[in-house]
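Structure, as structure tokens:
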Amino acid sequence: MCLVAGSVVVYVLYRKLDGNITTQDLTQQIGPEQERPKIEAHDAVNIVMMGSDDRSGQNKQYGDIGEGTQRSDTTILLHLAADRKSSVAVSIPRDLMVDIPSCTRDDGSKSRPYRDQFNHAFEVGGAACTIKTIEQMTQVRVDHHIVIDFSGFKQMVDAVDGVEVCLSEPMRDVAAKIDLPAGQQKLDGEQALGFVRARKNVDDGSDTQRMTRQQRFLAALVKKVKVGDMLTQPWKLYNLLDAGTRSITADPGLNTLGELMDLADSIKGIPNDKVAFLTVPRQQYRLDRNRDELVQPKANMLFEAIRYDRVAVGAAVSGRDENGFENNGDVRIEQAAVPTTAPSTSATPGRTLDANGERVPSPPSTESDSGEPATAGPTTTSSGAPQTSPATSPATTGPSADPTVPAGASPGASPGATAPAGDKGPLVTVSGRTAGQDVCTT
């Protein structure tokens, strides 16, 4: 009798949690399969996580819904390696200048493609437009997406009984509703929300520093959930799952408790020092100091490595940069893979990246001055070492020959986002904040 009663309780609770999740199928809005990036690493998983600044419902206390349209000020591309031995969470700056593709608006109309700040994509076409923008920029296929709101974030932090952070100096921001002293302390949900949202009156007031705080907080949150008894104590786990499932909107592939638990189980098995948080390589936008732009070729090295599941997590980042702020991570080539096939003859000279992330120089003309075919001779790499390049077809004229569009990428993709020679590209090592670091490590 007790066993039957217990089974009924478990079933009821499971159905309740399962019913908490809001499903969002964006297949039609994202567009036809043939227009999306090809899946290159079938067992790896790429998830876009978005924090919504929607001011309706329980979020009204954080501002009037009439203050502006809804945007996503926090966007993270989470990559889970196929072997589930590492994961990389890449923050995408809200002020990053990107090419936003044509998207479907809420009223069914289509927007025109244009260049603007990254978070405008969410404003134009919600999560679907954000995913389209990320796929166009990175050529990485997005498998799943999750959107979380303000109140949901608070509830999850409270469900784990707060999260420890460490402040080198007091932190005060009226707009973010936060006033914290210096030193190590445990934040409840309300304080945690202010901690990750504060920007204008904290540090240098930049979104870059806010992303650093978000990465530190998420690393501490992951560590607490994995290291503590949260996953082994039924009622603690239930409270966390209840808060989490009530606060998220997910695609049909993550819209059941079982699927979310499978995802959590995959992350649980990853060593803390192999769970890395970093920011996409970026720098100040040349036309506006208040905007960002990608740093090339590093950004495309990272995107390509994620696409082909060739990312390794290196040593954790610590210390500060030349401006006195915490490091946001780094991306570097560790080693080059040996091509298993000859480079495609359709690749455009001067667009493909070599093992150092530099452009492969164009080969000599395939025709001599006399009109006779010329023999491909040695070229020189960026380091000055000679190498022999296979003869490739010269670039064609017209839109497809635009030097800003790499071979193998669709127009509008980031320059250099090309498919590597052979089956896999070079192994790229990233360094960032990890879940294994102490909260007071800077």
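Rule-based calculations on the coordinates, nothing more; no lab input. Everything numeric here is computed off the predicted structure, so don't read it as measured data. Quick reminder, even Gly has a Cβ in these numbers, built from the backbone with ideal geometry, and neighbours come from all protein chains shown.
The simple Förster model, with R0 at 25 Å and r as the Cβ-Cβ distance, assigns Ser266 and Asp438 a FRET efficiency of 0.50.
A cut-off of 5 Å between modelled amide H atoms, ignoring neighbours fewer than 5 places along the same chain, links Leu187 with Val163, Glu164, Val165. Descending by average beta-carbon neighbour count within 10 Å, the peptides 88-96, 184-192 line up as 88-96, 184-192, the highest first. Backbone phi angles across segment 289-302, fed through the Karplus curve with coefficients 6.51, -1.76 and 1.60 (θ = phi - 60°), yield HN-Hα couplings of 5, 8, 10, 10, 9, 5, 9, 10, x, 4, 4, 6, 4, 5 Hz in residue order; Gly and Pro are listed as x. Peptides 221-231, 300-310 ranked from most to least packed give 300-310, 221-231, packing being the mean of other C-beta atoms within 10 angstrom over each peptide's residues. Full extension of the segment from Leu167 to Asp18, taken as 0.36 nm per residue of separation minus the current Cα-Cα distance, would add 49.9 nm. Strictly over 27 Å apart at the Cα level, which of Lys224/Lys298; Lys85/Lys224; Lys154/Lys224; Lys154/Lys236 would you flag in this model? Beyond 27 Å: Lys224/Lys298.
A cut-off under 9 angstrom between Cβ atoms defines the neighbours of Met97, and their net charge, with Lys, Arg +1 and Asp, Glu -1, is -4.
Rounded to 0.05, the FRET efficiency of the Ser111 and Glu35 pair, given R0 = 22 Å and the Cβ-Cβ distance, is 0.90. Put in order of Cβ neighbour count within 10 Å, fewest first, the listed residues His144, His42 become His42, His144.
By the beta-carbon count within 10 Å of each Cβ, the least crowded to most crowded order of Phe153, Phe122, fewest first, is Phe153, Phe122. Across segment 228-240, coupling constants 3J(HN,Hα) worked out from phi with the 6.51/-1.76/1.60 Karplus curve, θ = phi - 60°, read x, 9, 4, 8, 10, 9, x, 6, 5, 5, 4, 4, 5 Hz, and Gly and Pro carry x. When you count the other C-beta atoms within 10 angstrom of each residue and take the mean per peptide, 163-173, 209-219, 239-249 line up highest first as 209-219, 239-249, 163-173. For Arg282, the amide hydrogen comes within under 5 Å of the amide hydrogens of Val295, counting only partners 5 or more places away or on other chains and with H modelled in the peptide plane. Working note: Karplus 6.51/-1.76/1.60 with θ = phi - 60° gives segment 152-162 the couplings x, 4, 4, 5, 5, 5, 5, 5, 9, 6, x Hz, where Gly and Pro are set to x.
Partners of Lys132 within straight-line reach, counting lysines whose Cα lies under 21 Å from its Cα and excluding those fewer than 8 residues away in the same chain: Lys38, Lys110. The fewest-to-most ranking of Thr429, Thr133, Thr27 by surrounding Cβ atoms within 10 Å reads Thr27, Thr429, Thr133.
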